[in-house]
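See below for the structure under consideration.
The values are calculated or read from the model by the stated rules, or taken from the named source; none is laboratory data. Treat the numbers as computed from the prediction; the structure is a model and nothing was measured. Cβ atoms come from the backbone with ideal geometry, glycine included; neighbour counts cover every protein chain shown. When the accessible area is computed, the model is the full protein with side chains, heavy atoms only, and any ligands, DNA or RNA have been set aside. Shrake-Rupley method; radii C 1.70, N 1.55, O 1.52, S 1.80 Å.
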Amino acid sequence: MGLRLGDTAPDFEADTTEGKIHFHDWIGDSWVVLFSHPADFTPVCTTELGETAKLKKEFAKRNVKVIALSVDSVEDHKSWIGDIDETQGCHVDYPIIGDTDRKVSHLYDMLHPGEGDSSTVRSVFLIDPNKKIRMTLTYPKSAGRNFDEILRVIDSIQLTDNYKVATPVNWRDGDDVIIVPTLSDEEAKKLFPKGWKTVKPYLRVTKQPNK
Ligand code: BEZ
């Protein structure tokens, strides 16, 4: 059985470019994006890890720590970081797990034999401070991920954790949101005093409440 949303993220100890970590201790009170890539010294992965470094401030604003993983060694990661920094104009200063024994890759089901060799596919796990898995993504090795989408879904989850709203298709931070259908109009009047537009009784659109 794979990991599901709402499951506790499996705990582990691992060697990383920043030293040994005990995952749940390392998470602390932060949100975490744990993401795997197929291999060091490969082109698409080089762009992905560079982009992640460049988004450092965006992740920090959302109280998110990032941690990468592949089945390469920590020594390989350390020497590849030089290439990433040089070619992508960034400074990779988040940990990369060296999962040479594939312990974490198996725990998080990141090995998909139908996708070629025994390296990890492009998995993403968003984990909240309670260590619960809140979002997963799985991309093939050939397609680099859209890290703006990862930030977008973090914004949505952090918003909807705090307000009785959901976010519509292609929503971005600052756009209008939808009042959850389980809330009666009576209750909604108290929570959304500025009002809303009723498109259908189940589709009530309002301004983003924290803006
Ligand atoms: C890449 O990062 O470029 C890559 C890695 C494995 C398979 C395909 C592409």
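Quick look at the numbers
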quantity: Accessible surface of the stretch 1-68 [probe 1.4 Å, protein heavy atoms]: carbon and sulfur percent; calculated: 52 percent
quantity: P(r) histogram, all alpha-carbon pairs of the chain included - 5 Å bins from 0, percent; calculated: 1, 7, 14, 17, 17, 14, 10, 7, 6, 4, 2, 0, 0
quantity: In degrees, nearest ten, helix 147-160 long axis to first principal axis of the chain (Cα); calculated: 40 degrees
quantity: ASP101 accessible area, assembled protein chains, probe 1.4 Å, Å²; calculated: 110 Å²
quantity: Separation of the GLU75 and THR8 label points, Cα + 7 Å toward Cβ, nm; calculated: 3.6 nm
quantity: Residue-span extension gain [ALA166 to ASP25] - 0.36 nm each, minus C-alpha spacing; calculated: 47.7 nm
quantity: Solvent-accessible area per residue for the stretch 1-138 (1.4 angstrom probe, square angstrom); calculated: 45 Å²
quantity: Solvent-accessible surface (1.4 angstrom probe) belonging to ASP25, in square angstrom, nearest 10; calculated: 120 Å²
quantity: Extension gain from THR138 to ASP93, taking 0.36 nm per residue of separation minus the Cα-Cα distance; calculated: 13.8 nm
quantity: Cα gyration tensor, the stretch 1-120 - rounded (a/c under 1.5), prolate or oblate; calculated: oblate
quantity: Local electrostatic count at THR206 - Lys and Arg +1, Asp and Glu -1, tallied over other residues with Cβ under 9 Å; calculated: +3
quantity: Gained length - THR182 relative to LEU203, 0.36 nm times residue gap less alpha-carbon distance; calculated: 6.5 nm
